[in-house]
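Undergrad: Please see the structure below; I have some questions.
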Amino acid sequence: MAERPEDLNLPNAVITRIIKDAIPEGVNVSKEARLAISKAASVFVLYATSCSNNFALKAKRKTINAQDVIASMEDMEFEHFQDPLKQCLELYRQGQKDKKDRKKNKEENVVTVEEGDSEVIENGGDDDEEEEDEDDDAEAEDDEEMQEEGVKTGTEESGSVVTISDDDDGT
């Protein structure tokens, strides 16, 4: 539990951001008003937690769940909060499900690619090697043709290819 009453307060930056989002532009809020809102929000959270805990204890649980919080709103006479809370909970759960599905699909795609590679190697590994050999041969022929035409190629320290022409016009 908190050692000091100030430890139970919500962070001022969070309260300030919530206030700014809730009021129209151009409206100023004094420091005293922010402090009062902060204390009221802290009291509300503590009260909601206490009521939610009572529902959990009645169900012989030590963990407060979302249904306990929603039920506590009626107990606290904030019934009009129940529907928005249920909607937010549903959106949260849907977001978590989507996140999990994306992660699962990503893992399946990686496995599929790996399996696809292994099938290609098993079924047609020799063909791939032949294609690579043909590519290497074609590159070697191109290099020979360029050297016959008087063009020199090489690599700089950066790894980029430099082409130098022996033509009279400098191209």
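The values are calculated or read from the model by the stated rules, or taken from the named source; none is laboratory data. Keep in mind that this is a model prediction, so the values were computed, not measured. A quick note on method: Cβ atoms are made from the backbone with ideal geometry, for glycine too, and the neighbour counts reach across all protein chains shown.
Undergrad: Do we have any residue at all in the range 39-46 that's in contact with a Ser or Thr (Cβ under 9 Å, 6 or more places away or on another chain) and surrounded by 15 or more Cβ atoms within 10 Å (Cβ to Cβ)?
TA: no
Undergrad: Looking only at the range 72-95, which residues are in contact (Cβ under 8 Å) with a residue 12 or more places away in the chain and assigned to a helix (DSSP H, G or I)?
TA: SER72, MET73, ASP75, GLN82, LEU85, LYS86, LEU89 - these are the residues of the range 72-95 that are in contact (Cβ under 8 Å) with a residue 12 or more places away in the chain and assigned to a helix (DSSP H, G or I).
Undergrad: Taking the stated definitions as given, is PHE55 of a type in the set (Phe, Trp, Tyr), closer than 24 Å to PRO11 by Cα and in a helix (DSSP H, G or I)?
TA: no
Undergrad: Inspect all residues belonging to the range 40-49 and state whether any of them is modelled with pLDDT under 95 and over 30 Å from LYS20 (Cα atoms).
TA: no
Undergrad: Then there's this: Is the range 9-16 home to any residue that is surrounded by 10 or more Cβ atoms within 10 Å (Cβ to Cβ), within 33 Å of the chain's Cα centre (by Cα) and part of a loop (DSSP other than H, G, I, E, B)?
TA: In the first step, residues of the range 9-16 are kept if they are surrounded by 10 or more Cβ atoms within 10 Å (Cβ to Cβ); the result is 9-10, 12, 14-16.
When the remaining residues are screened for being within 33 Å of the chain's Cα centre (by Cα), the result is 9-10, 12, 14-16.
Right, trim to part of a loop (DSSP other than H, G, I, E, B) and you get 9-10.
Yes: the range 9-16 contains one or more residues that are surrounded by 10 or more Cβ atoms within 10 Å (Cβ to Cβ), within 33 Å of the chain's Cα centre (by Cα) and part of a loop (DSSP other than H, G, I, E, B).
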